[in-house]
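The block underneath contains the structure these notes are about, expressed in structure tokens.
Just so it is clear, none of the values below were taken in a lab; they were calculated from the coordinates. Quick caveat, the model's predicted, so the values are computed rather than measured. Methodologically, a virtual Cβ is constructed for each residue, glycine included, from the backbone with ideal geometry; neighbour enumeration extends over all protein chains shown.
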Amino acid sequence: MKLSDIAARVGGTVEGDGAVEISGVAGIEHAPPGTITFLSNPRYAVHLKKTGAGAVVLGPNANNPGVPALRSENPYLTFAKVIELFYQPPRPPAGVHPTAIIAETARVGAEASIGSYVTIGDGATIGDRAVLHPHVCIYPGAQIGHDFLAHSHAVVREFCKIGDRAILQNGAIIGGDGYAFAQRADRSHYKIPGSGIVVLEDDVEVQAHACIDRANFGETIVRRGAKIDNLVQIGHSCDVGQDALLCAQVGVAGSTHIGKRVVMAGQAALAGHLTVGDDVVITAQSATSHDVEAGKMVSGSPAFDNRQWLRATAAYERLPEILRTVRRLAAEFEEMKGRTKSE
């Protein structure tokens, strides 16, 4: 495919030889001839001079050492669209595998592909063009929209609701019981039933082995466009805002409200019953037990303002030196006091 043809399909402006033939995509450091790569992070600009790629997707202000280029306002997004031109994950043909078990009262839409050993319970509904890979389990009463994609061993529990274009990666569990127990007088634990459900709105993706607990009553909600990474735990009755990003191993305790476009980096955590405002960033391995105002970036455990945290961590590294200085000054002070008394 010519670079000019790629530009016509994904957008952007061709710079240099638009007739160069592109046969695939590759990373900038190891790109062989005939491939297209991209540069969005200035840290990798040094590799652009040495790349073997036949073309590169560049941002509007990036320097070009003479490689045929596709200029874009958002090179990362443009390159994602370029990848789609050269790779589409295999889609199994429509139909139902003979080992699948679909309840008589379940309804599955047109052009669905139901893989081996899939089970779909009584009263469940699934929209058109769904793909359920082997060993997916849909419990009774679940309601799922169009263009649903569930990879092997994903589970949607009873009565949960999922919108259109949702993706469940391998082993994702939607609607497991929440970690909720009442303590008896003898301090043993009585299980609180998870009578509520989980709602995933349109365009939500839940990645491998993430768990979203059903509400004790009412709903746990993950709103439109949110992306939940591998091994994330979302507790019962939480509300995750539109386009939020919860990265690997994030933990969110129950009844927490997370705003729109919030980013929780890897291993960040929230205590229960909190409110996190829109556009908050919680950096990796940070944790908070208090509300966070909209637009804040917080770090540490307990988390506080990121800029102050950066100064604090810089000082922490110097604590031994600071301690030696304090001890020396204290000794000098005591010596000075002794001289004053003798005089």
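Annotations for the structure displayed:
- Contour minus Cα-Cα distance for Asn74 and Ala315 (0.36 nm per residue): 83.0 nm
- Comparing mean-square fluctuations of Arg307, Arg71, Arg261 from a GNM of the chain with C-alpha springs under 10 Å, the top value falls on Arg71.
- Inter-part distance where the stretch 196-244 and the stretch 77-112 are each reduced to a Cα centre, Å: 22
- Ordered by the count of other Cβ atoms within 10 Å of each Cβ, fewest first, Arg107, Arg328 give Arg328, Arg107.
- In a DSSP loop and with at most 15 other Cβ atoms within 10 Å, the chymotrypsin sites (Phe, Trp or Tyr not before Pro) in the stretch 167-232 are Tyr179, Phe217.
- Exposure proxy for Lys81, Lys161: other Cβ atoms within 10 Å of each Cβ, ordered fewest to most, give Lys81, Lys161.
- In this simple spin-label approximation, Gln308 and Val263 carry label points 7 Å from Cα along the Cα→Cβ vector, and these lie 2.2 nm apart.
- Both radii are taken from the alpha-carbon atoms of the stretch 135-188; with Rh as the Kirkwood radius, Rg/Rh is 1.19.
- Simple spin-label estimate for Arg9 and Lys49 in nanometres, 7 Å along Cα-Cβ: 3.4
- With the simple model of a label 7 Å out from the Cα in the direction of the Cβ, Lys2 to Leu323 spans 7.0 nm.
- Cα shape, the stretch 195-255, gyration tensor, a/c 1.5 rule: oblate
- Footprinting exposure proxy for Tyr139, Tyr316 (fewest neighbouring C-beta atoms within 10 Å first): Tyr316, Tyr139
- Inverse mean reciprocal Cα-Cα distance (Kirkwood Rh) of the chain, Å: 23.8
- Two tests apply to each whole DSSP H helix in the chain, Cα reach of 15 Å or more along its axis and mean Kyte-Doolittle hydropathy of at least 1.0, and the ones passing both are 75-86.
- Shown here for the stretch 59-148: chymotrypsin sites (Phe, Trp or Tyr not before Pro) in loop regions (DSSP other than H, G, I, E, B) with at most 11 other Cβ atoms within 10 Å, namely Tyr87.
- The stretch 3-86: Cα Rg divided by the 2.2 N^0.38 Å rule of thumb: 0.92
- Rh by Kirkwood over Cα pairs, then Stokes-Einstein D for the stretch 223-328 at 0.692 mPa s and 37 °C, µm²/s: 230
- Multiplying the residue separation of Leu245 and Met336 by 0.36 nm and removing their Cα-Cα distance gives an extension gain of 26.9 nm.
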